[in-house]
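The values are calculated or read from the model by the stated rules, or taken from the named source; none is laboratory data. Note that the structure is predicted; figures quoted are calculated from it, not measured. No Cβ is skipped: glycine too gets one built from the backbone with ideal geometry, and neighbour counts run over all protein chains shown. Remember, those area values only see protein heavy atoms, side chains included, never the ligands or the DNA or RNA. Shrake-Rupley method; radii C 1.70, N 1.55, O 1.52, S 1.80 Å.
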Amino acid sequence: MSRIALVTRLSPEAEAHWAGHLARALPGERIDGFRELSPAERAEVDIAIVANPDPADLAELPNLVWIHSLWAGVERLVAELGHLARPIVRLVDPELARTMAEAALAWTYYLFRDMPAYAAQQRARVWKGLPYKRPERTTVGVLGLGELGAAAALRLRDAGFDVHGWSRSPKEIAGVTCHAGEETLERMLGQVEILVCLLPLTGETRGLLDARRLACLPEGAQIVNFARGPILDSAALIEALDSGRIGHAVLDVFEVEPLPEASPFWGHPKVTVLPHISAATDPETASAIVGAHVADYRATGRIPPSVDLTRGY
């Protein structure tokens, strides 16, 4: 009989929490934490459900057929596990898209309604109202129009913003002005006052928002990065913030996490630091999706759509 291994580098408490949800979603399966499996039992494993797994652990599953990630982002898995030559299935959860869209709207409102400026005025004990600008007169750009980016663009559209989106391949989203291809990126950046980054991290997107691209944004534009830290050049961003070209940055992701105490972002007056909380994975809905994928595989032998290792997502 086949067996499923739960392979993580989570705390014992967090792994046990996930194990409980997965057991309820897969009542007919044998699911065990990797560390609990004997060598003979590891040979029975054909599916691994993973969260930041140690590649050495997965290498000890000789009959592994495919891997299901509990996270939406898979760039670390691709980098660490690509040599195993096993299909990697990433989590595509509508609840995750809803949560990310909620965060994109919340923090866009934070910038749109001048919350950083009012916080600075409070510290300076200044009582002064700032001019209001209606949403339809504010252009918000969304970089990345996959499941998360498309959901965010629609949520921002419904809030009344003038929404532009950019992706590498053409997309159509009702009520959103969509741009596609490298040649359109800088032109699109030149139109947006608030930029929300939701791109996957790949070889093509690493460092995409460098000094040249940041300089394309209008003077005083603001940035929300909910994607991955290495997409945004940190040194170039600090320089743009210090010069006033960028008005404020809301950063939820960083090149090194947790953010080191010495990072200049912590104390920068034009930066809001978040501890990677924009869209947490919901164990209940995620486990149900994993369960459905496993059940279909058992019934049909079909592995769910997997990551393109050359693209990285």
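Could you please let me know if Glu13 is open to solvent by 40 Å² or more (accessible area, probe 1.4 Å), more than 25 Å from His83 (Cβ to Cβ) and either in contact with a Leu (Cβ under 9 Å, 6 or more places away or on another chain) or part of a helix (DSSP H, G or I) (or both)?
yes
Write out, first by first residue and then by second, each pair whose Cβ atoms fall under 9 Å of each other, whose residues are 6+ apart or on separate chains, and whose first residue, in region 260-284, is open to solvent by less than 30 Å² (accessible area, probe 1.4 Å) while the second is polar (S, T, N, Q).
Once the first residue is open to solvent by less than 30 Å² (accessible area, probe 1.4 Å) and sits in region 260-284, its partners that are polar (S, T, N, Q) give Ser263/Ser234; Phe265/Ser234; Ser278/Thr99; Ala279/Thr99.
I'd like the full set of residues that are within 22 Å of Arg24 (Cα to Cα), in contact (Cβ under 8 Å) with a residue 60 or more places away in the chain and of a type in the set (Gly, Ala, Ser), limited to region 293-309.
If the condition is that a residue be within 22 Å of Arg24 (Cα to Cα), in contact (Cβ under 8 Å) with a residue 60 or more places away in the chain and of a type in the set (Gly, Ala, Ser), then Ala295 is the only one that fits.
Exactly one of (1) open to solvent by less than 30 Å² (accessible area, probe 1.4 Å); (2) charged (D, E, K, R); (3) more than 28 Å from Arg76 (Cβ to Cβ) is unmet by Asp242. Its number?
(1)
Looking at region 147-167, which of the residues that are open to solvent by 70 Å² or more (accessible area, probe 1.4 Å) and within 17 Å of the chain's Cα centre (by Cα) is nearest to Arg90 (Cα to Cα)?
Looking at the filtered set, the residue picked out is Glu147.
Rundown of residues vs (1) touching a Lys or Arg at 6+ places or on another chain (Cβ under 8 Å); (2) among the acidic types (Asp, Glu); (3) free of Cβ contacts under 8 Å to residues at least 40 places away in the same chain, yes/no style:
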{"residue": "Arg134", "(1), (2), (3)": "no, no, yes"}
{"residue": "Gly165", "(1), (2), (3)": "yes, no, yes"}
{"residue": "Glu182", "(1), (2), (3)": "yes, yes, yes"}
{"residue": "Met188", "(1), (2), (3)": "no, no, no"}
{"residue": "Gly207", "(1), (2), (3)": "no, no, yes"}
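This table checks each residue for (1) modelled with pLDDT of 95 or more; (2) out of contact with any Gly (no Cβ under 8 Å at 6 or more places or on another chain); (3) assigned to a loop (DSSP other than H, G, I, E, B); (4) among the small types (Gly, Ala, Ser).
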position: Ala79; (1), (2), (3), (4): no, yes, no, yes
position: His83; (1), (2), (3), (4): no, yes, no, no
position: Arg86; (1), (2), (3), (4): no, yes, yes, no
position: Trp107; (1), (2), (3), (4): yes, yes, no, no
position: Trp127; (1), (2), (3), (4): yes, yes, yes, no
position: Leu130; (1), (2), (3), (4): yes, yes, yes, no
position: Ala150; (1), (2), (3), (4): yes, no, no, yes
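Please find, within region 18-76, the residue that is least open to solvent (accessible area, probe 1.4 Å) out of those that are of a type in the set (Asp, Glu) and part of a helix (DSSP H, G or I).
Top of the filtered list is Asp57.
For the subset of region 183-235 comprising residues that are open to solvent by 30 Å² or more (accessible area, probe 1.4 Å) and among the basic types (Lys, Arg), which member is nearest to Ser263 (Cα to Cα)?
The extreme case among them is Arg228.
Is it fair to say Ala119 is farther than 27 Å from Arg213 by Cβ, open to solvent by less than 60 Å² (accessible area, probe 1.4 Å) and modelled with pLDDT of 95 or more?
Yes.
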